[in-house]
Amino acid sequence: MSEDRRRTLLLKALRAQGIADERVLAAIARVPREAFVEQPFADQAYADQALPISCGQTISQPYVVALMTEALRVEAPHRVLEIGTGSGYQTAVLSQLCKDVYTIERFRSLAEAAEERFIRLGLFNITRQVGDGTEGMPEGAPFDRIMVTAAARQIPEALLQQLGPGGIMVAPVEERPGKQNLWRITRGEQGFTSEHLMPVRFVPLVEGLPGGG
Ligand code: SAH
C-alpha cells in the first residue's frame, strides 16, 4: 500500500474516533510521519500506535497527537511551547497551525535528529532547544499555548507561570504510579481551571539533563 493511501486511511480512522477539527486533520495530512519514525518501523508509520525512538523514548500515537493538538485550540498568530521534542512529529504538526513553535528536549541526540527533519521538510518556524523542559523557556515567555508530551506527578510551576493570560496548556499528569490522565489547563482572569480529557500513557518527564548530555 502506498504511503498516500496509508495516510488517507489514518485520517479516516482519526475522524471515526472523533477528531473533527479540519485544520488539525489537514496539519496531520501534511506532515509525513514516515520521516519521524526509525527505519525498522517505517512500514508502521501510519498505524495508529506509538513507536519506539532512540534514547528509550517514543513517538506518540497519531490519535493522541491529534487529540492533544485539537484540545490545545491553536490559532494562527500563536506562539506555542512544546516540552519533549522526541522525534519532532508533534512539533511538526503544531508548526502547521501557528506562527512559531518552541520545543525543548533533554536528549541532545533526539533534538538534533528532530532538527534535521525540520530542515529537510522546510519547517522554518520551529526553534528547538536542548534543556530541562520542567523549567520551560523563560526567555520566550509568555506563551499562548503550551503542550507537554511527557508525564510528571505535577505540572511544573514554571510552565504554569509561562502561560500567558487566556493561555491553554495540555499536559499528561501521572497522578499515581502507572495511572496518567491528560488535562487541559486554562489560565483565566480568576486563575487556572482544569478539564480532564482522557487516560493516557506517556514516558516520564524527567528533571535535569542526562549525563553527558
Ligand atoms: N512529542 C514527541 C513525544 C516524545 S516522548 C513526539 O511526537 O515524538 C517525550 C519526550 O520528552 C522524550 O523524548 C523525552 O526525552 C522528553 N523529556 C522528558 N523529560 C523532559 C524534560 N524535563 N525536558 C525536556 N524533554 C523531556
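The values are calculated or read from the model by the stated rules, or taken from the named source; none is laboratory data. Model, not experiment: these values are computed from the prediction. No Cβ is skipped: glycine too gets one built from the backbone with ideal geometry, and neighbour counts run over all protein chains shown. Remember, those area values only see protein heavy atoms, side chains included, never the ligands or the DNA or RNA. Shrake-Rupley method; radii C 1.70, N 1.55, O 1.52, S 1.80 Å.
Just to be sure before I move on: is residue 66 farther than 20 Å from residue 172 by Cβ and either crowded, with 19+ Cβ neighbours inside 10 Å or more than 8 Å from the ligand (Cβ to nearest atom) (or both) in the structure I sent?
Values: farther than 20 Å from residue 172 by Cβ: no; either crowded, with 19+ Cβ neighbours inside 10 Å or more than 8 Å from the ligand (Cβ to nearest atom) (or both): yes.
So residue 66 fails the test.
Take the residues of region 196-213 that are open to solvent by less than 80 Å² (accessible area, probe 1.4 Å) and more than 14 Å from the ligand (Cβ to nearest atom): which is nearest to residue 52 (Cα to Cα)?
Step one: list which residues in region 196-213 are open to solvent by less than 80 Å² (accessible area, probe 1.4 Å), which gives 197-198, 200, 202-203, 205-206, 208, 210, 213.
Next cut, more than 14 Å from the ligand (Cβ to nearest atom) only: 197-198.
Details: 197: 24, 198: 22 Å.
For region 196-213, the residue satisfying everything is 198.
Return the total of residues in region 173-195 being within 16 Å of the ligand (Cβ to nearest atom) and of a type in the set (S, T, N, Q). Break it down stepwise before answering.
First, pick out the residues of region 173-195 that are within 16 Å of the ligand (Cβ to nearest atom): 173-174, 180, 182.
Filter again for of a type in the set (S, T, N, Q), leaving 180.
Going through region 173-195 one residue at a time, the tally reaches 1.
Just one of the numbered conditions (1) away from the ligand (no atom under 12 Å from the Cβ); (2) in a helix (DSSP H, G or I) is not true of residue 98; which one?
Checking residue 98 against (1) away from the ligand (no atom under 12 Å from the Cβ); (2) in a helix (DSSP H, G or I), the one that fails is (2).
Give the residue, chosen from 153, 184, that is surrounded by 17 or more Cβ atoms within 10 Å (Cβ to Cβ) and among the basic types (Lys, Arg).
Details: 153 fails: surrounded by 17 or more Cβ atoms within 10 Å (Cβ to Cβ).
Selected residue: 184, the only one of 153, 184 that is surrounded by 17 or more Cβ atoms within 10 Å (Cβ to Cβ) and among the basic types (Lys, Arg).
How do the pairs read when you match residues in region 126-149 that are among the hydroxyl-bearing types (Ser, Thr, Tyr) with residues anywhere that are open to solvent by less than 30 Å² (accessible area, probe 1.4 Å), using Cβ under 6 Å and keeping only pairs 6 or more apart or on different chains?
134/156; 149/84; 149/90
Surrounded by 20 or more Cβ atoms within 10 Å (Cβ to Cβ) and aromatic (Phe, Trp, Tyr) - does that describe any residue in region 119-142?
Looking for residues that are surrounded by 20 or more Cβ atoms within 10 Å (Cβ to Cβ) and aromatic (Phe, Trp, Tyr), one finds none in region 119-142, hence no.
State whether the residues of region 87-103 include one that is out of contact with any Asp or Glu (no Cβ under 7 Å at 6 or more places or on another chain), surrounded by fewer than 20 Cβ atoms within 10 Å (Cβ to Cβ) and among the hydroxyl-bearing types (Ser, Thr, Tyr).
no
The rows are residues; the columns are (1) within 13 Å of the ligand (Cβ to nearest atom); (2) outside any loop (DSSP other than H, G, I, E, B).
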| residue | (1), (2) |
| --- | --- |
| 15 | no, yes |
| 48 | no, no |
| 54 | yes, no |
| 93 | yes, yes |
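Does residue 71 satisfy the condition of being under 16 Å from the mean Cα position of the chain (by Cα), more than 12 Å from the ligand (Cβ to nearest atom) and of a type in the set (Gly, Ala, Ser)? Talk me through it step by step, then tell me what you get.
On the way: under 16 Å from the mean Cα position of the chain (by Cα): yes; more than 12 Å from the ligand (Cβ to nearest atom): yes; of a type in the set (Gly, Ala, Ser): yes.
When the stated conditions are applied, residue 71 passes them.
Quick one: which of 122, 88 is more than 26 Å from residue 157 (Cβ to Cβ) and free of Cβ contacts under 8 Å to residues at least 24 places away in the same chain? Even if it seems obvious, please write down each step before you answer.
On the way: 88 fails: free of Cβ contacts under 8 Å to residues at least 24 places away in the same chain.
Answer to the selection: 122.
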